[in-house]
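Report on the structure given below.
The values are calculated or read from the model by the stated rules, or taken from the named source; none is laboratory data. Being a predicted model, the structure only gives us computed values, none of them experimental. As a convention, Cβ positions derive from the backbone with ideal geometry for all residues, glycine included, and neighbour counts pool all protein chains shown. Surface areas here come from the heavy atoms of the whole protein model, side chains and all, with no ligands, DNA or RNA. Shrake-Rupley method; radii C 1.70, N 1.55, O 1.52, S 1.80 Å.
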Amino acid sequence: MSTIAAIATAQAAAGLGTIKISGENALTIADSVFSAVSGKKVSDTPGYRALYGKVHDGETTLDDAVALVFRAPKSYTGEDVVEISCHGGLFILKRVLRAVLNAGAEPAEGGEFTKRAFLNGKMDLSEAEAVMSLISASGEEARAATLNALDGALSREISECRDKLALTAAFMAAWVDYPDDEIPELSDDEMNATLTDVSERLEKLLSGFDAGKAVLEGIDTAIVGKPNVGKSTLLNALAGSERAIVTSVAGTTRDVLEETVRVGNITLRLADTAGIRENTDDIIEKIGVERAKERFDRASLVLMVLDAQNELSDDDKALLEMCSKKNTVVIINKTDGEVNLSVTELKNHTSAPIVEMSAKNRKGIDELTNAVENVVGTADFDPSAPLITTERQRNCVMKAAENIREALDGLMMGITPDAINVCIDCAIENLSVLTGEKATETVVTEVFKNFCVGK
Ligand code: GDP
């Protein structure tokens, strides 16, 4: 495999920057661009050691640098790795990278170091995916959850499920294939218990997906409500800035403004909408209304704002009806003034949680936060629990859960062990796709490991 190199730190001016080289020629390539003050060669240096010296391109000295040596297999990629750290100016880093490429390295593709780590068995696919999530984590809980995934929480959960299934499959296969070997038959109850346990664990993973996604990636949120109910004011209260233009003339929020705000443990990608109102003659506002509708359709969470001063109108009822198919929190705003809106009547038109607040006085934001966390399902989010974080992982778990359901149905209907084993094998296969291993080998290995029937 080729030796690859890339700038591993941010592409911005900084105190330090690092060029990473990985592959069988990493040490000799480093030797041709780096000279240690001590005269020692990188290729003569053991792993986990650093050398101080100069980095150069041919005769031209580029910078002072430190070369950190990792020897295969004890490195991130499992290959020989050298990290050259120099001053973090973008020009210097690019120049050093060019020198490294001139010396024979190939430019690394996106994610290639991690891909090599996976190919060299340093981590499985779900852990590799966690590396990416960790890099883009946007909050404390997101960071904790992805670090947990990188630490193998999901891999362990999947492996445990898979081992249980493989053992069951191995028992059944051995029992069917070697009827004379007095292998005890697995009782239906035992099998049912194993399959039910795995099924529950997979369902738990699936049910945590949406909450995990909301915590890790944030959630598309639309603020809707008639003109002048206080949508822009709410947006500003949440964003803590004067991003949207707030006026008391109906219809002045002309466009969809986007703002990202942290609400509890979630990032909301908020859009203030131009008020969903059909009967405007103003062409500019019409464009705004169109966009607001698009935004509403796309949103996974809706904050529907009502004005406490006014009784519920037909427009409000129509909006509540629209929101009924979405995760919604209904906000009764302006409760600092006269209140004419009847909560009892409102409850006849929505089953969504209702929060009373004063956006202008920033009152009720904690209540709103709780309601949002409950609706999105992140209230009980546990960053230490195993978490599926990508659609790919979810797809694998969904398929495996379906296979287990089929196996359980088959067991209930009394179909042959062979047929049940087919379902279990499919589930193992799907879980192995998740972690990136081959499935059928797992069963084979398990059969001989546990029974020693080979003769
Ligand atoms: P939008 O059209 O829904 O975006 O409404 P705005 O946010 O522009 O607010 C319309 C008017 O209501 C402005 O004069 C705000 O100051 C006022 N307003 C917004 N929130 C509150 C509130 O909580 N209490 C009171 N009394 N007035 C508010």
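At a probe radius of 1.4 angstrom, the accessible area of segment 307-357 per residue rounds to 55 square angstrom.
Quick one: of LYS226/LYS293; LYS213/LYS399; LYS326/LYS363; LYS213/LYS363, which pairs are farther than 22 Å apart, Cα to Cα? Don't skip to the answer; put the middle values down first.
Working: LYS226/LYS293 13 Å; LYS213/LYS399 19 Å; LYS326/LYS363 25 Å; LYS213/LYS363 28 Å.
Long pairs (Cα-Cα over 22 Å): LYS326/LYS363; LYS213/LYS363.
Each label point was placed 7 Å from the Cα along the Cα-to-Cβ direction; for ASP197 and LEU90 their separation is 5.5 nm.
Taken over segment 4-108, lysine pairs spaced eight or more positions apart, or on distinct chains, with alpha carbons under 20 Å apart number 9. Calculated accessible area for segment 4-108 comes out at 48 Å² per residue, all protein chains present (probe 1.4 Å; ligands, DNA, RNA ignored). When the accessible area of segment 4-108 is computed with all protein chains present and a 1.4 Å probe, what percentage of it is carbon and sulfur? So the carbon and sulfur contribution to the accessible surface is 55 percent.
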